[in-house]
1. Write down the radius of gyration of the stretch 137-295 and its Dmax, each obtained from C-alpha positions, in Å.
2. When the distances between all Cα atoms of the stretch 232-386 are binned every 10 Å from zero, what whole-number percent does each bin get?
3. Pop out the carbon and sulfur fraction of the accessible area of the chain as a percent, whole number, probe 1.4 Å.
4. Once the dipole of the chain is set up with Lys and Arg at +1 and Asp and Glu at -1 on Cβ about the Cα centre, which of 156, 222, 144 lies farthest towards its positive end?
5. Go through 264, 288, 307 and say which Cα lies farthest out towards the positive end of the charge dipole of the stretch 262-328; charges sit on Cβ, +1 for Lys and Arg, -1 for Asp and Glu.
6. Sorted from largest down, what three extents in whole angstroms do the Cα atoms of the stretch 210-254 have along their principal axes?
7. Beta carbons within 10 angstrom, averaged per residue: use that to sort the peptides 341-348, 40-47, 330-337, highest first.
8. Highest first, please rank the peptides 150-162, 287-299 by the mean number of other Cβ atoms sitting within 10 Å of their residues.
Amino acid sequence: MTGAHALAHLETSMKLNLLALAALTLAASHAAATTPGDTCVQDLRAIAPFLLENDTGARQHLEQKGQAYFDLALATATTAAAGAADGKACDAILENYARMWRKGHLHIKPGSALDIAKPAPARPAAPGQAALTKEPALQILSDSTVLLTLPSFHGSYRAAVANLLDTHRTALAARPNWILDVRRNGGGSDSTYAPLLSWISSDEIVTMGAEWLSTPANIDGQEKVCALLAPGDQACAAFAGQAVTQMRTVKPGQYAPQQSSGTVSYTRVEMPEPRRPARVAVLVDRDCASSCEEFLLAARQSFHVKLIGRNSYGALDYSNMRLHILPSGQRHLQYATSRSARLPQLQVDLGGIMPDIYLPPPKDEAGRAQEIVRVQRWLEGGTLRPDNI
């Protein structure tokens, strides 16, 4: 079978399975979901048809992994869902099924819209550990080196990052060596790290943009996302509004560039800092994901930046997640509405972004802290070698 015939066969199979899944979903919606298992199966069977129509990665994943893979995944999940004892058990089953499609930027969010809109509670610290915080922090390590710890790029920390850079401008400008610690940074918003670029970039940044998949559900998701997840955030509202405008320039089922100017941009850094660091080490690990990875793609274009540590997580090719309520009303599907224009030539999701210098994963928190000591020593003319070697 030729490649073209194989793809056509796959598309036909996909359409037939989509119709079958849609029929099962419709039948389930008319049946009374009297037990947690019934409700769970009802929500499960709604996921695949919705993804194949609205998620930007679903059809590519189907093509790559094959129909048999997803048939088995659905059959296994259906058996588990039917036996779900309660809503929490169902959430775990559906989340596991979502991960069969894609490991990142595809999730099940328990609760109603009001529940999801509530701020997530702070994760408690482990015994003996200091209280966990996602606030950015600055530490002067020596006369020549400064450490910026950036645990999150969530939009709620946008002002904190900008204020930190502005408040400590004199100390930052006086030190030629910077360590940017983005380990365990799960991402957030590109606008949060934007002020850093005027310090570390080499004047111009080449950016491969993204494309929106225009569907009625995706437009509806854009129109509601800011009121639900970031009420009062004007940057969010402006971004979502532009997304809706772009989506409406094409027919449903087609892709539209995020920017009317196209998908590739060559951007000069506005008002670069007059005294930028000479050497920047970005500490990265497997927990750096989403906007954290977008930051790595921008930062590594600088002549002065090296990425040190492990590969990033790999959750960037399909992004800009929006919410779709599942039939039970008890949980939402969080899925991707955009895909990167880098695809298929440069795929981040397959293995993450590779560092320039690899460091083996530390065994414990002490080893993790020691990485900062080693990188400081290296920036100041010493060695990255661990103390015990």
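The values are calculated or read from the model by the stated rules, or taken from the named source; none is laboratory data. It should be emphasised that the depicted structure is a prediction, and the values quoted were computed from it without experimental measurement. Neighbour counts run over all protein chains shown; Cβ positions are idealised from the backbone, glycine included. Protein only, heavy atoms only, side chains kept; ligands, DNA and RNA dropped before computing areas. Shrake-Rupley method; radii C 1.70, N 1.55, O 1.52, S 1.80 Å.
1. Looking at the stretch 137-295, its Cα Rg and Dmax stand at 17.9, 58 Å.
2. Using 10 Å bins, I get a P(r) of 9, 27, 31, 21, 10, 2, 0 for the stretch 232-386.
3. 58 percent
4. Checking the options against the dipole of the chain, the answer is 144.
5. 307
6. 30, 16, 15
7. Ranked from most to least packed, the peptides come out as 40-47, 330-337, 341-348.
8. Averaged packing, sorted descending, gives the order 287-299, 150-162.
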